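> One structure is given below, represented as structure tokens, and several questions about it will come after.
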């Protein structure tokens with residue numbers, strides 16, 4: 001239990017320092033039973049509770065709006081079991097993703113998701129926001145990788161769906177209610193995750209392109225040529241690359257270009273994988289789709305190239321304030337919002353507009369920077385961005401969740417009937433609205 005202001009202050013503020021609550025109490029339970037007793041007590045007294053894991057979210061979903069009690073799962077960090085035969089990991093929800101990756105790697109396996117925040121994000125938070133990451137193209141979302149979970153609902157009831165079976169077709173699949181619901185229906189306490197075998201052969205190509213149409217052509221060729229060994233396809237624009245170079249004090253190893261793509265393969269046979277990747281690189285080069293490129297086959301160089309992608313967020317923050325948005329868009333209009341926003345913001349004191357992300361699954365990370373937070377910039381971005389996303393048939397949240405940041409924009413992309421059903425589910429599972437109130441549902 002934390003009560004002193006100096007102890008609770010960091011729990012009240014989100015990672016971007018955009019949202020700040022005024023909670024005076026942080027509870028840090030170690031077991032499911034502790035959480036059950038806490039929620040039962042709070043529910044009977046109508047005390048609001050905000051679940052919090054690593055607090056790495058970008059939409060204000062894990063910090064209070066007012067003085068809600070913060071329930072941190074950071075001390076629930078036990079790895080319960082890893083089955084070397086099935087590859088199923090069972091652990092508490094407060095385990096840090098990077099620690100889980102290190103643990104399963106000792107057994108020749110890997111986690112099915114990889115995030116830039118892996119050193120501090122918790123697996124429970126990943127599941128509660130249905131986090132995606134760079135390898136969703138290969139392993140799918142957490143709705144598939146999460147075999148089972150345990151959660152505690154508002155009245156303290158423990159919902160035990162912690163199966164480790166890949167096939168369990170008995171009744172409703174209640175686990176899906178908790179995956180992506182951001183702690184508004186219950187607090188995830190334990191999870192079982194299906195982990196894939198770690199590859200023995202990994203290759204990574206960095207390519208420069210002169211326009212975004214060529215990025216899409218390379219994506220199509222990549223899917224056709226690499227098939228089952230494709231594990232990541234990332235893109236970043238020139239502004240994003242320059243931010244990363246500045247932050248790392250490291251130059252991109254290829255010729256400057258308006259756009260860049262990172263293509264990763266993972267398999268079990270070096271010769272086979274390199275032959276397929278080599279064929280792809282020859283095809284895109286002979287077609288004039290790239291201006292330059294490099295191939296990494298050893299882990300050190302692969303790590304260096306990935307840092308160029310993973311350091312963009314920190315590089316953008318060096319400008320002062322970063323307005324970060326995570327959306328899904330059809331590939332036909334994927335990058336248009338970046339050029340549109342440059343025009344819409346031209347009279348305002350912004351510094352950079354850029355885009356990067358998981359183009360293979362339609363996920364754009366759209367960013368704008370300025371020296372300090374400016375409400376005019378924020379207002380213009382949100383008006384134009386969400387209008388653009390809705391008209392394109394996209395989603396206002398691809399993988400970061402809704403939280404308090406995007407709650408009022410849910411009506412832009414969800415029908416009244418869908419929102420009504422969400423409210424009905426919420427009222428059944430949390431009739432007094434004590435769990436993460438003022439989030440997700442408008």
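The values are calculated or read from the model by the stated rules, or taken from the named source; none is laboratory data. Here the structure is a predicted model, which means the values were calculated and not measured. Positions of Cβ are backbone-derived with ideal geometry, glycine not excepted, and every protein chain shown enters the neighbour counts.
> Just checking, which of 346, 324 is under 23 Å from residue 380 (Cβ atoms), in the same structural domain as residue 392 (by TED's automatic domain parsing) and exposed (fewer than 14 other Cβ atoms within 10 Å of the Cβ)?
Details: 324 fails: exposed (fewer than 14 other Cβ atoms within 10 Å of the Cβ).
From the options 346, 324, the qualifying one is 346.
> Take region 318-329 and flag every residue that is within 21 Å of residue 400 (Cα to Cα) and either free of Cβ contacts under 8 Å to residues at least 24 places away in the same chain or more than 19 Å from the chain's Cα centre (by Cα) (or both). Break it down into steps so the answer makes sense when it comes.
Step one: of region 318-329, the residues within 21 Å of residue 400 (Cα to Cα) are 321-329.
Once the filter is applied, which keeps residues that are within 21 Å of residue 400 (Cα to Cα) and either free of Cβ contacts under 8 Å to residues at least 24 places away in the same chain or more than 19 Å from the chain's Cα centre (by Cα) (or both), region 318-329 yields only 321.
> Going through region 224-274 one residue at a time, which ones are out of contact with any helix residue (DSSP H, G or I) (no Cβ under 7 Å at 6 or more places or on another chain) and closer than 25 Å to residue 140 by Cβ?
Once the filter is applied, which keeps residues that are out of contact with any helix residue (DSSP H, G or I) (no Cβ under 7 Å at 6 or more places or on another chain) and closer than 25 Å to residue 140 by Cβ, region 224-274 yields 224, 227, 228, 264, 268, 269, 272.
> Here are 57, 61, 119: which of them is touching a strand residue (DSSP E or B) at 6+ places or on another chain (Cβ under 8 Å) and either part of a loop (DSSP other than H, G, I, E, B) or outside the structural domain of residue 227 (by TED's automatic domain parsing) (or both)?
On inspection, the qualifying residue turns out to be 119.
> Residue under question is residue 171, and the condition is that it be in the same structural domain as residue 128 (by TED's automatic domain parsing), under 19 Å from the mean Cα position of the chain (by Cα) and in a loop (DSSP other than H, G, I, E, B); does it hold?
no
> To continue, here is another question. Given the condition more than 20 Å from the chain's Cα centre (by Cα), touching a residue at least 24 places away in the same chain (Cβ under 8 Å), assigned by TED's automatic domain parsing to the domain that holds residue 344 and surrounded by 12 or more Cβ atoms within 10 Å (Cβ to Cβ), answer yes or no: does some residue in region 405-424 qualify?
Scanning region 405-424, I find no residue that is more than 20 Å from the chain's Cα centre (by Cα), touching a residue at least 24 places away in the same chain (Cβ under 8 Å), assigned by TED's automatic domain parsing to the domain that holds residue 344 and surrounded by 12 or more Cβ atoms within 10 Å (Cβ to Cβ), so the answer is no.
> I'd like the full set of residues that are outside any helix (DSSP H, G or I) and without any contact (Cβ under 8 Å) to a residue 60 or more places away in the chain, limited to region 262-285.
Result: 262, 263.
> If you go through region 182-194 one residue at a time, do you hit one that is in a loop (DSSP other than H, G, I, E, B) and under 30 Å from residue 295 (Cβ atoms)?
no
> Anything in region 286-301 that is in a helix (DSSP H, G or I) and within 20 Å of residue 218 (Cα to Cα)? List them, or say none.
The answer is 286, and nothing else.
> Residues to consider are 51, 64; find the one that is surrounded by 22 or more Cβ atoms within 10 Å (Cβ to Cβ) and without any contact (Cβ under 8 Å) to a residue 60 or more places away in the chain.
Every option except 64 fails the conditions.
> Residue 337 passes all but one of (1) surrounded by fewer than 22 Cβ atoms within 10 Å (Cβ to Cβ); (2) part of a helix (DSSP H, G or I); (3) touching a helix residue (DSSP H, G or I) at 6+ places or on another chain (Cβ under 7 Å); which number fails?
(1)
> Still on this structure, I have one more. Among the candidates 16, 39, single out the residue that is surrounded by 17 or more Cβ atoms within 10 Å (Cβ to Cβ), outside any helix (DSSP H, G or I) and in contact (Cβ under 8 Å) with a residue 12 or more places away in the chain. First the steps, then the outcome.
Values: 39 fails: outside any helix (DSSP H, G or I).
Result: 16 is the single residue among 16, 39 that is surrounded by 17 or more Cβ atoms within 10 Å (Cβ to Cβ), outside any helix (DSSP H, G or I) and in contact (Cβ under 8 Å) with a residue 12 or more places away in the chain.
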